[in-house]
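K.L.:
Take a look at this one; I'll ask things after.
The values are calculated or read from the model by the stated rules, or taken from the named source; none is laboratory data. As the structure is a computational prediction, the values presented were derived from the model and not from experiment. All Cβ positions, even for glycine, are placed from backbone atoms using ideal geometry, and neighbour counts span all protein chains on display. Just so you know, the surface numbers come from the protein's heavy atoms only, side chains and all, with ligands and any DNA or RNA stripped out. Shrake-Rupley method; radii C 1.70, N 1.55, O 1.52, S 1.80 Å.
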Amino acid sequence: KEFMTGNTLMILNAYQELLNRSYSLVDEKQIERIGNYLNATKKVIVCGKGSSGLAAREMEIRFMRIGVDVDSITDLMRMQAVFQNENSLVFGFSIGGQKEEVIFLLKEAKKRGAKTVLFTANNRDDYQEFCTEVLLIPSLRHLNHGNVISPQFPILIMIDIIYSYYVEQDKTKKKILH
């Protein structure tokens, strides 16, 4: 560490802080429930805008490799809402919890009987009206602007945790699919 510049140390410390905060936010019972939703659903939609959309794409690729029927969407979310039903599981990524298109899709999907999961750094009571689960992710000041640390990082940590749990369920079958 003595050879690193102040800027490098600052970034590494920020990553360490995000990892520590992620650890403190993980609710294993919630992760188990989400894994069960994944096992029980026929169709998974993952949505996000900007950097969150890139994380949605990553989730699609990872889960598709192990046999999940999953699509990521970064636009036309309003149009996708009408196709959701009780056989759907919709993940919405919004660090600030205010992306209008993401919230719209979650609300409409929930009305149509889908399970809905919001990944966000904000915990608001009104999310319970349209979210089956609110998965809290850590954030640092201005993280959603992507100035230094990618805003995807805390989302990807939680995706990895869910993925790990999901793969452990019927591990042999999922290993063959991968």
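K.L.:
So how many Lys-Lys pairs in region 7-134 land under 15 Å Cα to Cα, not counting same-chain pairs under 8 apart?
P.N.:
6
K.L.:
Among the chymotrypsin sites (Phe, Trp or Tyr not before Pro) within region 1-110, which fall in a DSSP loop and have no more than 14 other Cβ atoms within 10 Å of their own Cβ?
P.N.:
Values: sites: Phe3, Tyr15, Tyr23, Tyr37, Phe63, Phe83, Phe91, Phe93, Phe104; in loops: Phe3, Phe83.
Here the sparse-neighbourhood loop sites are Phe3, Phe83.
K.L.:
Size of the dipole of region 1-114 about the Cα centre, Lys and Arg at +1 and Asp and Glu at -1 on the beta carbon, nothing else charged, in debye to 20? Don't skip to the answer; put the middle values down first.
P.N.:
Working: 16 positive and 14 negative charges, 56 e Å.
Computed charge dipole of region 1-114: roughly 260 debye.
K.L.:
Note the angle between two axes, namely the Cα long axis of helix 51-64 and the longest principal axis of the Cα atoms of the chain, as a number of degrees from 0 to 90, rounded to the nearest 10.
P.N.:
Once rounded, the angle reads 60 degrees.
K.L.:
In deg cm²/dmol, rounded to 500, what helix-only [θ] at 222 nm does the chain give when every DSSP H run of at least 4 residues adds -39500 (n - 2.57) and the total is split over its residues?
P.N.:
Calculated mean residue ellipticity at 222 nm is -15500 deg cm²/dmol.
K.L.:
Roughly how tilted is helix 28-40, in degrees to the nearest 10 and between 0 and 90, from the longest Cα axis of the chain?
P.N.:
40 degrees
K.L.:
Kindly report, to the nearest 10 Å², the accessible surface of Asp125 as traced by a 1.4 Å probe over protein heavy atoms only.
P.N.:
Spelled out: Asp125, probe radius 1.4 Å, area about 140 Å².
K.L.:
Quick check: convex hull of the Cα atoms in region 15-83, volume per residue, rounded to a whole Å³?
P.N.:
Measuring per residue, one finds 117 Å³ for the Cα hull of region 15-83.
K.L.:
Let me ask something else. Please report the relative contact order for region 25-76, taking Cα pairs under 8 Å with a sequence separation of at least 6, and give it as a percent rounded to a whole number. The partial results should precede the final answer.
P.N.:
Values: 49 pairs, mean separation 19.1, N = 52.
Here the relative contact order equals 37 percent.
K.L.:
Carbon-plus-sulfur fraction of the accessible area of the chain, 1.4 Å probe, in percent?
P.N.:
Result for the chain: 50 percent of the exposed heavy-atom area is carbon or sulfur.
K.L.:
Of the labelled options (1) 0.93; (2) 1.57; (3) 0.99, which one gives Rg/Rh (Cα atoms, Kirkwood Rh) as computed for this structure?
P.N.:
(3)
K.L.:
With the contact rule set at Cα under 8 Å and sequence spacing of 6 or more, what percent relative contact order holds for the chain? Can you show the working numbers first?
P.N.:
Working: 286 pairs, mean separation 42.6, N = 178.
Result for the chain is 24 percent.
K.L.:
Suppose all protein chains stay in the model; what accessible area per residue would a 1.4 Å probe give for region 38-103, in Å²?
P.N.:
Accessible area per residue, region 38-103: 45 Å².
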